[in-house]
């Protein structure tokens, strides 16, 4: 096996995952969605209502 391939295989075996990183990404995503929802609730509701009316009137 070539040296870069051996290094890659060794890293794959020793990788336990990055749980704190994924938790941080998940929490930040939930925070962003909540913030956007709080700020743009009226506009999002109006857009959804217009879309539903345009689809149901066809």
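Treating each Cα of segment 17-56 as an identical point scatterer and summing with the Debye formula, the log10 of I(q)/I(0) at q = 0.18, 0.23, 0.31, 0.35 Å⁻¹ comes to -0.62, -0.73, -0.91, -0.99. A simple spin-label model places the labels of residue 27 and residue 39 2.1 nm from each other, with each point 7 Å out along Cα-to-Cβ.
Read the figures in this text as sums done on the coordinates, not as results from a lab. Since we're looking at a predicted model, the values are computed, not measured. So basically every Cβ, Gly included, is an ideal-geometry build from the backbone, and we count neighbours across all protein chains shown.
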